[in-house]
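This report concerns only the one structure given below.
The values are calculated or read from the model by the stated rules, or taken from the named source; none is laboratory data. Being a predicted model, the structure only gives us computed values, none of them experimental. Every residue, glycine among them, receives a Cβ derived from its backbone with ideal geometry; neighbour counts consider all protein chains shown. To get the accessible areas, we keep the full protein, side chains included, count just its heavy atoms, and leave off ligands, DNA and RNA. Shrake-Rupley method; radii C 1.70, N 1.55, O 1.52, S 1.80 Å.
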Amino acid sequence: MPKARTIYSCQSCGYQSPKWLGRCPECGGWNTLVEEVISPFKDSSSSLDIQVGQSSPQAINQIKLGKEDRFLTSIAEFDRVLGGGIVVGSVVLIGGDPGIGKSTLLLQAFEKLAVSGKKVLYVSGEESGRQTKMRAERLGISSANLFIQAETSLEIIIKSIISLKPCAVVIDSIQTIFTPDLQSAPGTISQVRESSGKLMLLAKKTGIPVFLIGHVTKEGAIAGPRVLEHMVDTVLYFEGDRGHPYRVLRSVKNRFGASNEIGVFEMKDSGLAEILSPSELFLAERPLNASGSVVAACIEGSRPLLVELQVLVSHTTFGIPRRTSLGVDYNRVSLLIAVLEKKADLSFINQDIFVNVAGGIKIEEPAVDLALIMASASSFRNRSIDSGMVMFGEVGLAGEVRAISQAEMRIKEASKMGFSRCLMPRNNTKQISADFNIELIGVDSIAEALELL
Ligand code: TYD
Ligand code: MG
């Protein structure tokens, strides 16, 4: 009989080695290798065979799409992030810090499905049925179509999915699920990979969409991350600051819709509430005519979003000047500060710089560059910028202001929010045909933009 084999696999990148190593040669992580036992034979009675039927090549125009290939949860923000509803047979991974509201969001979405007459299953490996019920009571959920199962064994879960035939399934935390085919502990990379693989096969074969909830490691990646991210169809991150009630659901990968789409929610006593006009929310507490505060027009996914960008430049008390950035990439901030120093003759050598995007949201677009430059200069010179002005534009290393995409959408949103002036790249002004009742100020370089101060 073949012997069971022991391997050591890295819990963050999946690298495997026959002997233990202190440092993973693949990803460089220290002490990430964990012993896992691989049994050479599979107990066929315990594993459920989900065989994919024989396939044959098909002409693409012969493949029929039905209307029923997507269905809505009627939580509009959630549906939009998914790319327009849940796709039949898809596997969606939802990651986020503990306590951010992943379980709450999915329980609420599934309740909506249950109320509309669809049978749904919520598998919790972390909480007992009663604990889930307690949460549900708080959220006012009690639909006969919502089934709860507290289970961690993959085989039992697959059996109940096959016998219940629900419309959709949630696995509340993939890290708690284990399959007896592998001898390693639940939550290890092999278990996570194997369990997700089987659930994926089940989803594709039966057409039942599966939502996997995944915990996030200290470094911010979903544990067992890279292996899962490319397996599943859609990866959503639920982010937000514990101190703020606002939560942002962001799609980082989506085979069925735009990536980087966001949905904004507010955590209340009675669960998560959708926020349909996030610009209004992010600008709500804006100080008017304060130096260092500007409004930037960004696009997240397919939606324009106005955010307040704040920069504080203050004298360094001792040693090396500090640069701190929240919500904007740190390297981008350093780069733009260097451009300001070189091209606009502002010296930040003995100045600390703190950057913050109000409301705890993260902006990754380069369109925020111009706003960052203006806010830094405004704070440095202690001169405020007209609070009726909104801005966008990418800044190059030569200090030029470059055109960006979807300018019209940003202007439209700014005009809707009552802004009267818009500072933008000159090249973009030529493309705007419609009149949005807002004054467009086109600039070619940061020097030109800074004259406004
Ligand atoms: P939860 O969904 O359990 O987070 P996760 O599954 O991501 O770990 O959310 C728990 C947090 O949400 C907890 O801190 C309490 C808060 N909460 C509310 O504020 N209101 C509510 O109605 C619920 C159910 C939770
Ligand atoms: Mg949870």
Which whole-number value in Å² is the accessible area per residue of the stretch 275-314, probe 1.4 Å?
-> 36 Å²
Counting Lys +1, Arg +1, Asp -1, Glu -1, what net charge surrounds G85 among other residues with beta carbon under 10 Å of its beta carbon?
-> 0
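Using the Kirkwood radius over Cα pairs, work out the Stokes-Einstein diffusion coefficient for the stretch 97-239 at 10 °C and 1.306 mPa s, in µm²/s as a whole number.
Values: Rh = 15.4 Å.
The diffusion coefficient I find is 103 µm²/s.
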DSSP bridge pairs, the chain: antiparallel proportion in percent, nearest 5 = 55 percent
Chymotrypsin sites (Phe, Trp or Tyr not before Pro) lying in DSSP loop within the stretch 71-165, provided at most 12 other Cβ fall within 10 Å | none
Counting only Cα, what are the radius of gyration and maximum Cα-Cα distance Dmax of the stretch 237-333, in Å?
-> 16.2, 52
At a 1.4 Å probe radius, carbon and sulfur cover how many percent of the accessible area of the stretch 279-368?
-> 54 percent
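Could you tell me which GluC sites (Glu not before Pro) in the stretch 351-431 are loop residues by DSSP with no more than 16 other beta carbons within 10 angstrom of their beta carbon?
Numbers: sites: E364, E394, E400, E408, E413; in loops: E364.
Within the stretch 351-431, the qualifying GluC sites (Glu not before Pro) (loop, at most 16 other Cβ atoms within 10 Å) are E364.
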Where the only charges are on Cβ atoms (+1 Lys, Arg; -1 Asp, Glu), what is the dipole of the stretch 310-405 about its Cα centre, to the nearest 20 debye?
-> 220 debye
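What are the semi-axes of the equivalent ellipsoid of the stretch 351-399, taken as the square roots of 5 times the eigenvalues of the Cα gyration tensor, listed largest first and rounded to whole Å? Walk me through the numbers on the way to the answer.
Details: eigenvalues 54, 44, 35 Å².
They are 16, 15, 13 Å, listed largest first.
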If unit charges are put on Cβ atoms (+1 for Lys and Arg, -1 for Asp and Glu) and the dipole of the chain is taken about its Cα centre, the option from G207, I337, G393 lying farthest towards the positive end turns out to be G207
Using distinct alpha-carbon pairs, which all enter the 1/r mean, Kirkwood radius of the chain in Å = 24.6 Å
Signed unit charges on C-beta, dipole axis of the chain, positive-most listed residue L72, I353, Q191 | Q191
According to a simple spin-label model (label point 7 Å from Cα along Cα-to-Cβ), what is the distance in nm between S433 and A398?
-> 3.1 nm
Hand me the trypsin sites (Lys or Arg not before Pro) from the stretch 344-389 located in a DSSP loop with no more than 13 other Cβ atoms within 10 Å, in residue order please.
-> R383
Counted charge near I438, where neighbours are those whose Cβ lies closer than 13 Å (Asp, Glu -1; Lys, Arg +1) | -1
Under the Cβ-under-4.7 Å rule, which cysteines of the chain stay unpaired?
-> C167, C298, C422
Over the stretch 144-281, what relative contact order in percent results from Cα pairs under 8 Å that are six or more residues apart?
-> 14 percent
Can you give me the pair-distance distribution of the stretch 281-452, C-alpha pairs, 10 Å bins, whole percents?
-> 11, 43, 36, 9, 1, 0
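Nearest 20 debye, what's the magnitude of the dipole of the chain about its Cα centre given +1 on Lys and Arg Cβ and -1 on Asp and Glu Cβ? Write out the running numbers ahead of the final one.
Working: 48 positive and 49 negative charges, 196 e Å.
Magnitude of the dipole: close to 940 debye.
Over the stretch 288-376, what portion of Cα pair distances is larger than 15 Å, expressed as a whole percent?
When all Cα pairs of the stretch 288-376 are counted, 57 percent exceed 15 Å.
In whole percent, what relative contact order does the chain give with Cα contacts below 8 Å and a gap of six or more residues?
Details: 962 pairs, mean separation 55.5, N = 453.
Dividing the mean separation by the residue count of the chain yields 12 percent.
Which three numbers, in whole Å and largest first, are the semi-axes of the equivalent ellipsoid of the stretch 183-288 derived from its Cα gyration tensor as √(5λ)?
On the way: eigenvalues 203, 55, 31 Å².
With the √(5λ) rule applied to the stretch 183-288, the semi-axes are 32, 17, 13 Å.
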The summed charge of the G129 Cβ neighbourhood (under 13 Å; Lys/Arg +1, Asp/Glu -1) stands at -2
Return the distance in nm (one decimal) between the two label points of a simple spin-label model at K64 and S259, each offset 7 Å from Cα along Cα→Cβ.
-> 3.4 nm
Centre separation in Å (Cα based) which lies between the stretch 307-323 and the stretch 408-428 = 28 Å
